[in-house]
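Scroll down for the structure; my scribbles are underneath it.
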Amino acid sequence: MSDKSAGADGGLTYAQSGVDIDAGNALVKKIAPFVKATARPGADSDIGGFGGLFDLKAAGFVDPILVAANDGVGTKLKIAIETGIHDTVGIDLVAMCVNDLIVQGAEPLFFLDYFACGRLDVEAAASIVQGIAKGCTISGSALIGGETAEMPGMYADGDYDLAGFSVGAVERGALLPRPDIGPGDVILGLASNGVHSNGFSLVRHIVEASGLGWDAPAPFDESKTLGRALLEPTRIYVKPLLATLNKTVGIKALAHITGGGLPENLPRVLPKTATARIDLGALPKVPVFNWLASTGNVAEPEMLRTFNCGIGMVVVVAADAADEVTRLLTAEGETVVRLGEMVERADEPVVFTGTTGFNA
């Protein structure tokens with residue numbers, strides 16, 4: 001008798017209610033090699049236990065402060081679901097968490113995921129977890145555990161949601177931001193590679209208004225379909241920043257530019273005694289933002305507080321270290337631009353000069 005039929009005594013089964021334990025076990029078996037590949041000092045990345053273990057001493061820390069972050073991917077998942085492209089959103093999930101750790105100077109150590117769905121599709125779920133494992137490898141994190149929840153009635157068949165949880169550590173004296181940020185410090189920006197994982201409710205609204213399908217060529221990158229181009233995964237800045245932090249003391253603060261954009265994320269790491277002056281003309285030209293602004297007739301202030309607009313990470317440095325930090329980050333593969341400088345405190349924590357030119 002099939003597991004999806006009545007039980008041996010004619011009673012109802014869990015499978016009949018929509019939860020397939022056998023599928024869950026098949027998923028665990030399928031993803032085990034991906035998880036194992038994320039092993040690092042401090043964690044062996046075996047799965048199947050009730051909790052994941054991490055040995056800080058084996059990771060080389062002496063007097064560490066733990067830093068934790070959690071996040072999701074948001075409605076970008078709707079594009080993955082509607083296109084059937086599931087191999088990149090796991091990278092987004094990791095990126096949104098580990099980029100928040102590095103801004104405090106912390107090295108990401110381990111990651112846990114939560115995957116919830118209406119009906120478990122083993123192949124789709126395995127593709128998602130493979131992306132999570134890839135993100136962990138890019139950031140140097142061990143994937144030490146997770147949870148898969150099949151919840152019929154809560155989610156429609158085909159729908160799913162993701163949440164991620166990351167823990168890192170930083171030696172006590174290296175915690176960021178530093179307290180000596182002030183006028184004269186230079187503000188650098190690291191280019192994004194697209195929309196990353198914020199603002200997708202507006203993105204989807206603009207796509208709907210454009211009349212384009214997900215399989216149409218992307219107007220801003222005709223080498224890809226629109227769906228694939230918008231699913232470009234969030235850039236992970238961890239290893240280039242860790243390498244640079246290990247070679248210079250010139251970095252005073254980092255800010256991950258997510259929902260709220262530059263106006264709302266940069267103040268989170270700045271003192272109340274100074275203002276960041278940003279030249280919008282210095283923003284990297286990432287074509288997707290021009291397309292979103294023009295197609296949706298989105299005003300510049302709305303673009304700035306919804307999207308990263310070409311900058312995924314801000315780096316505040318001492319003026320005499322700006323060239324060195326730029327050189328080091330460029331050598332690590334980052335596109336670095338000089339955005340502006342810290343000035344005497346004004347009415348607002350961030351002021352803008354120039355224009356993005358999005359609607360020009």
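Against the condition over 21 Å from Val269 (Cα atoms) and either among the hydroxyl-bearing types (Ser, Thr, Tyr) or open to solvent by less than 60 Å² (accessible area, probe 1.4 Å) (or both), how does Thr306 come out, does it pass? Give the derivation first.
Details: over 21 Å from Val269 (Cα atoms): no; either among the hydroxyl-bearing types (Ser, Thr, Tyr) or open to solvent by less than 60 Å² (accessible area, probe 1.4 Å) (or both): yes.
Considered against the rule, which asks whether it is over 21 Å from Val269 (Cα atoms) and either among the hydroxyl-bearing types (Ser, Thr, Tyr) or open to solvent by less than 60 Å² (accessible area, probe 1.4 Å) (or both), Thr306 comes out as no.
Determine if the stretch 133-154 includes at least one residue that is among the hydrophobic types (A, V, I, L, M, F, W, C), within 15 Å of the chain's Cα centre (by Cα) and open to solvent by less than 50 Å² (accessible area, probe 1.4 Å).
Going through the stretch 133-154, the residues among the hydrophobic types (A, V, I, L, M, F, W, C) turn out to be 133, 136, 138, 142-144, 149, 151, 154.
The next check asks that each one be within 15 Å of the chain's Cα centre (by Cα); those that pass are 133, 136, 138.
With open to solvent by less than 50 Å² (accessible area, probe 1.4 Å) added as a condition, the list becomes 133, 136.
Within the stretch 133-154, one or more residues are among the hydrophobic types (A, V, I, L, M, F, W, C), within 15 Å of the chain's Cα centre (by Cα) and open to solvent by less than 50 Å² (accessible area, probe 1.4 Å).
Restricting attention to the stretch 112-162, which residues are farther than 13 Å from Val94 by Cα, of a type outside the set (Val, Ile, Thr) and assigned to a helix (DSSP H, G or I)?
Of everything in the stretch 112-162, those that are farther than 13 Å from Val94 by Cα, of a type outside the set (Val, Ile, Thr) and assigned to a helix (DSSP H, G or I) turn out to be Glu123, Ala124, Ala125, Ala126, Ser127.
Please give the helices (runs of 4 or more DSSP H) falling wholly within the stretch 196-315 in which 1 or more residues are at pLDDT 95 or above and under 30 Å from Ala169 (Cβ atoms). If you could, list the steps in order and put the result at the bottom.
Values: elements: 200-210, 226-230, 238-245, 261-265, 287-296, 300-306.
Where helices (runs of 4 or more DSSP H) fall fully within the stretch 196-315 and carry at least 1 residues being at pLDDT 95 or above and under 30 Å from Ala169 (Cβ atoms), they are 238-245, 261-265.
Yes or no, residue by residue, for (1) outside any loop (DSSP other than H, G, I, E, B); (2) open to solvent by 50 Å² or more (accessible area, probe 1.4 Å); (3) of a type in the set (Ser, Thr, Tyr):
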site	(1), (2), (3)
Phe50	no, yes, no
Leu53	no, yes, no
Lys57	no, yes, no
Val62	no, yes, no
Leu66	yes, yes, no
Asn70	yes, yes, no
Ala80	yes, no, no
His86	no, no, no
Leu93	yes, no, no
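Which pairs have Cβ atoms under 8 Å, sit 6 or more apart or on different chains, and link a residue in the stretch 294-312 that is aromatic (Phe, Trp, Tyr) to one that is open to solvent by less than 50 Å² (accessible area, probe 1.4 Å)?
Phe307/Val195; Phe307/Asn198; Phe307/Gly199; Phe307/Gly261; Phe307/Phe289; Phe307/Leu292
Give the residue, chosen from Gly105, Gly90, Gly72, that is under 23 Å from the mean Cα position of the chain (by Cα) and farther than 30 Å from Ser201 by Cα. Give the derivation first.
Numbers: Gly90 fails: farther than 30 Å from Ser201 by Cα; Gly72 fails: farther than 30 Å from Ser201 by Cα.
After ruling out the rest, the residue left standing is Gly105.
Answer with yes or no whether Lys252 is within 30 Å of Ser166 (Cα to Cα), of a type in the set (Lys, Arg) and open to solvent by less than 50 Å² (accessible area, probe 1.4 Å). Talk me through it step by step, then tell me what you get.
Details: within 30 Å of Ser166 (Cα to Cα): yes; of a type in the set (Lys, Arg): yes; open to solvent by less than 50 Å² (accessible area, probe 1.4 Å): yes.
For Lys252, the condition - within 30 Å of Ser166 (Cα to Cα), of a type in the set (Lys, Arg) and open to solvent by less than 50 Å² (accessible area, probe 1.4 Å) - is met.
Between a first residue in the stretch 332-357 that is within 20 Å of Leu242 (Cα to Cα) and a second residue that is open to solvent by 70 Å² or more (accessible area, probe 1.4 Å), which pairs have beta carbons less than 8 Å apart while being 6 or more apart in sequence or on different chains?
Partner pairs satisfying both residue conditions: Glu332/Lys239; Val336/Thr330.
With respect to Leu328, determine if the residue is open to solvent by less than 50 Å² (accessible area, probe 1.4 Å), assigned to a helix (DSSP H, G or I) and more than 23 Å from Gly74 (Cα to Cα). Outline the logic, then answer.
Values: open to solvent by less than 50 Å² (accessible area, probe 1.4 Å): yes; assigned to a helix (DSSP H, G or I): yes; more than 23 Å from Gly74 (Cα to Cα): yes.
It is true that Leu328 is open to solvent by less than 50 Å² (accessible area, probe 1.4 Å), assigned to a helix (DSSP H, G or I) and more than 23 Å from Gly74 (Cα to Cα).
The values are calculated or read from the model by the stated rules, or taken from the named source; none is laboratory data. Since the model is a prediction, treat every value here as computed from it, not as a measurement. Because the Cβ atoms are built from the backbone with ideal geometry, glycine has one as well, and the counts that use them run over all protein chains shown. Accessible surface areas use protein heavy atoms only, side chains included; no ligands, DNA or RNA. Shrake-Rupley method; radii C 1.70, N 1.55, O 1.52, S 1.80 Å.
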